[in-house]
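Peer 1: Can you read through this structure? Questions will come right after.
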Amino acid sequence: MASFQITYDDFSGGQYMGNKSTNLPKNTWHGENVLPLPNGQLIASGQANAATWVVTGTPDSGSIQDHWVIGGDSYAFINTIKSSVSTSRFVKTAGVNNGSTFPITTSQTSLTGTLNGKVAYYPATSLFYYINTAGTIYSVTTTGTIASVSAALAGLTLTNITGYGYRLVSWGGTDATAKKRLYYSDTTLATWSTLNYYEFNGTILNVLPRTNDLLVVCDTGVFSLVGVLGSSITNQLIVPQENVTEGMKDATIVGRNMYFLDQLANGSLDGRIYRLIGSTVQSTDVLDTKDIASQVGLEQARVMAVNDGRLIVMMRSGICYAETSKGQWCRLTFSSANVDSSAAKQQQIGRPGPNSLNEYIVLASFNSITKSIVIDRFIHNAITPTPTNADITISGGGSGANYPSGTVTLSEYFHSKPFTVKEMFVEYSVANDISCTPSVSVKIVPTGNIDVLVTNIANMDSTSEPSIAQANTEYNTYVFERFRPNNANKSFGVKPVLTFSAVTIKRVIVNCED
């Protein structure tokens with residue numbers, strides 16, 4: 001019998017998002033609440049409930065129409081329905097994006113009229129703008145002061161507003177004529193006219209500002225508007241109708257690229273993230289099949305952009321895929337996603353506004369069980385093991401501080417003949433916080449098992465708990481701990497699995513014998 005080692009000492013590839021099921025790059029892995037660090041090591045991260053507001057009056061249903069993060073604060077624009085009567089509100093959660101210790105008390109402001117679409121934030125005025133279902137445009141300050149802007153578009157049933165250049169544009173609704181028109185303001189943002197519009201040959205589904213042009217997604221194609229609104233505009237079809245997918249209705253922009261999933265409200269996800277480059281659509285990343293298979297209902301997943309051009313895919317089941325840097329992913333999960341699978345607009349990642357930090361993802365959801373607005377925060381760009389309710393730049397230990405636990409399955413090693421695992425070594429350091437409890441446990445998952453009943457596969461896993469209780473006072477001091485999983489099951493392949501909390505994983509060595 002010959003002995004050999006399998007060494008994992010580079011985890012920089014992140015969560016595997018490719019299109020293969022075997023021969024994965026060795027620096028990639030599949031994880032749950034695990035982040036890759038800039039130096040290629042691993043830490044556990046997670047989610048904390050920042051705030052919960054039980055909606056006044058116990059509504060029958062609710063929706064998140066839009067959600068912004070400006071500086072350290074979250075601004076969710078919601079609509080609830082009670083006995084067919086709609087109430088729209090502006091829910092502010094101050095400090096959720098700057099490391100404040102949770103929980104945080106929200107503040108609420110009732111909006112004028114019913115909100116039923118996207119809300120614009122215009123940095124030059126520091127104001128939000130929305131159009132209600134009656135067609136009146138209002139502005140809202142970050143402290144909740146509401147002012148009427150214009151009623152010129154009343155009766156057109158428009159639903160959405162966004163900013164482009166020095167103007168605002170509005171679209172949507174059900175009016176047979178208006179739903180094909182993109183209306184725009186003057187440069188004061190206060191003057192609108194039913195005569196100021198650009199008309200398309202189909203219903204407008206989405207409008208996405210890009211650098212130097214405005215993308216207009218219609219059911220007849222994707223158009224690019226270049227120039228100055230109200231002056232000189234070139235309108236060009238860049239994607240024909242046959243290449244328009246339903247997911248483009250909920251697309252996001254990074255740079256000049258449009259990212260979207262294949263569907264939004266109907267059918268089943270195919271698991272790919274698509275990108276529109278110029279006029280070409282191509283697949284860029286692939287979500288885990290088991291996560292896709294668990295999604296049901298409307299808006300099974302939404303792709304959104306946060307700071308630094310990074311993508312987030314938020315799934316209805318509570319699974320969140322996040323780019324920690326461009327092209328490097330992690331997979332985060334949380335358990336409070338009690339959203340209604342038969343309704344749309346039930347959750348939304350905060351869109352980044354001025355001065356919003358890139359350490360966090362802030363999620364607003366409508367909990368269909370408790371009838372409440374729930375604000376959750378993920379830490380997805382940390383550099384040290386961190387309590388989920390504290391800023392990553394401090395050591396933690398705040399009231400209720402809790403270190404998350406993460407699990408990582410390393411890439412499969414496949415051998416030329418059956419072998420067993422004799423022991424595993426894990427090199428790690430502990431968090432710099434006397435309140436934390438460092439822990440590491442391991443599991444060996446044999447693959448390529450020979451002539452084994454499928455019902456017995458799960459019983460072939462072998463685990464090992466740590467034999468040493470490490471101190472939590474020696475930050476950045478690495479230990480090399482031995483685990484003996486006692487794996488007696490010969491197989492052609494193996495996947496090491498680690499579950500850990502409040503430690504940084506540097507290296508994993510698997511000693512084998514064939």
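The values are calculated or read from the model by the stated rules, or taken from the named source; none is laboratory data. All values derive from a computational prediction rather than experimental measurement. A quick note on method: Cβ atoms are made from the backbone with ideal geometry, for glycine too, and the neighbour counts reach across all protein chains shown. When the accessible area is computed, the model is the full protein with side chains, heavy atoms only, and any ligands, DNA or RNA have been set aside. Shrake-Rupley method; radii C 1.70, N 1.55, O 1.52, S 1.80 Å.
Peer 1: With a cap of 15 neighbouring Cβ atoms within 10 Å, and only residues DSSP puts in a loop, list the trypsin sites (Lys or Arg not before Pro) found in segment 14-84.
Peer 2: 20
Peer 1: What is the magnitude of the charge dipole of the chain about its Cα centre, with +1 placed on the Cβ of each Lys and Arg, -1 on the Cβ of each Asp and Glu, and no other charges, expressed in debye to the nearest 20?
Peer 2: Working: 34 positive and 37 negative charges, 112 e Å.
Once rounded to the nearest 20, the dipole reads 540 debye.
Peer 1: Which value, in Å², gives the accessible area per residue of segment 222-306 when a 1.4 Å probe is used on the protein heavy atoms?
Peer 2: Values: 3700 Å² over 85 residues.
Per-residue accessible area for segment 222-306 comes out at 43 Å².
Peer 1: Let me ask something additional. Just one of (1) 51, 25, 23; (2) 58, 27, 21; (3) 46, 26, 19 is semi-axes √(5λ) of the Cα gyration tensor in Å as worked out from the coordinates here. Which one is it?
Peer 2: Recomputing semi-axes √(5λ) of the Cα gyration tensor in Å here gives the entry labelled (3).
Peer 1: Quote the FRET efficiency, to the nearest 0.05, computed for residue 482 versus residue 19 with a Förster distance R0 of 35 Å and r equal to the Cβ-Cβ distance.
Peer 2: According to the calculation, E is roughly 0.45.
Peer 1: How much length is gained if the chain between residue 190 and residue 147 is pulled fully straight, taking 0.36 nm per residue apart and subtracting their Cα-Cα distance, in nm to one decimal? The partial results should precede the final answer.
Peer 2: Working: separation 43, 0.36 × 43 = 15.48 nm, distance 1.10 nm.
This chain segment gains 14.4 nm when fully extended.
Peer 1: Right, next: For a label point 7 angstrom out from the Cα of residue 383 toward its Cβ, which stretches of segment 478-514 have the backbone nitrogen within less than 17 Å?
Peer 2: Hits in segment 478-514 for residue 383 at 17 Å: 504-505.
Peer 1: Please report the accessible area of residue 411 (heavy atoms, 1.4 Å probe, ligands and nucleic acids excluded) in Å², nearest 10.
Peer 2: 10
Peer 1: Sticking with this structure for a sec: For residue 511 and residue 416, calculate 0.36 nm times their separation in residues minus their Cα-Cα distance, and state this gained length in nm to one decimal.
Peer 2: Full-extension gain reported as 32.6 nm.
Peer 1: Could I ask something else about it? If one computes the Cα centroid of segment 23-54 and of segment 278-313, what distance in Å separates the two points?
Peer 2: Each part's Cα centre sits 17 Å from the other's.
Peer 1: Oh, and also: Using 7 Å Cα-to-Cβ label points, what is the residue 249/residue 212 separation (nm, one decimal)?
Peer 2: Calculated label separation equals 3.2 nm.
Peer 1: Quick one: grab the alpha carbon gyration tensor of segment 77-187, order the square roots of its eigenvalues as a ≥ b ≥ c, and give me rounded if a/c is under 1.5, else prolate or oblate depending on whether a/b is larger than b/c. Please report the intermediate quantities before stating the final value.
Peer 2: On the way: a/c = 2.35, a/b = 1.45, b/c = 1.62.
Cα axes put segment 77-187 in the oblate bin.
Peer 1: I'd like the accessible area for residue 285, computed on protein heavy atoms only with a 1.4 Å probe and all protein chains in place. Round to 10 Å², please.
Peer 2: Accessible surface of residue 285 is approximately 30 Å².
Peer 1: Moving to a separate point now. Between residue 355 and residue 60, what is the spin-label point distance in nm, taking each point 7 Å from the Cα along the Cα→C-beta axis?
Peer 2: 4.3
Peer 1: Place the peptides 298-311, 222-235 in order of packing, highest mean first, counting for every residue the other Cβ atoms within 10 Å and averaging per peptide.
Peer 2: In descending order of packing, they fall as 298-311, 222-235.
Peer 1: Under the Karplus relation 6.51 cos²θ - 1.76 cosθ + 1.60, θ = phi - 60°, what is the ordered set of whole-Hz ³J(HN,Hα) values for segment 64-78, x standing for Gly and Pro?
Peer 2: Here the 3J(HN,Hα) series is 9, 6, 6, 7, 10, 10, 10, x, x, 10, 9, 10, 9, 9, 10 Hz.
Peer 1: Restricting to DSSP loop positions (anything but H, G, I, E, B) with no more than 16 other Cβ atoms inside 10 Å of their own Cβ, which trypsin sites (Lys or Arg not before Pro) remain in segment 167-262?
Peer 2: The qualifying sites are 256.
Peer 1: Let me ask another. Relative contact order (percent) for the chain, with alpha-carbon contacts under 8 angstrom and 6 or more residues of separation?
Peer 2: 18
Peer 1: Still on this structure, I have one more. Per residue, how much accessible surface does segment 50-114 expose to a 1.4 Å probe? Answer in Å², no decimals.
Peer 2: 36
Peer 1: Considering the options 364, 61, 230, tell which one lies farthest towards the positive end of the dipole of the chain, charges being +1 on Lys and Arg and -1 on Asp and Glu at the Cβ, about the Cα centre.
Peer 2: 230
Peer 1: Using r as the Cβ-Cβ distance of residue 124 and residue 49, and R0 as 35 Å, what FRET efficiency do you calculate, to the nearest 0.05?
Peer 2: On the way: r = 34 Å, r/R0 = 0.98.
Here the calculated transfer efficiency is 0.55.
Peer 1: Still on this structure, I have one more. Whenever you get a sec, compute what percent of the accessible area on the chain sits on carbon and sulfur atoms (1.4 Å probe).
Peer 2: 48
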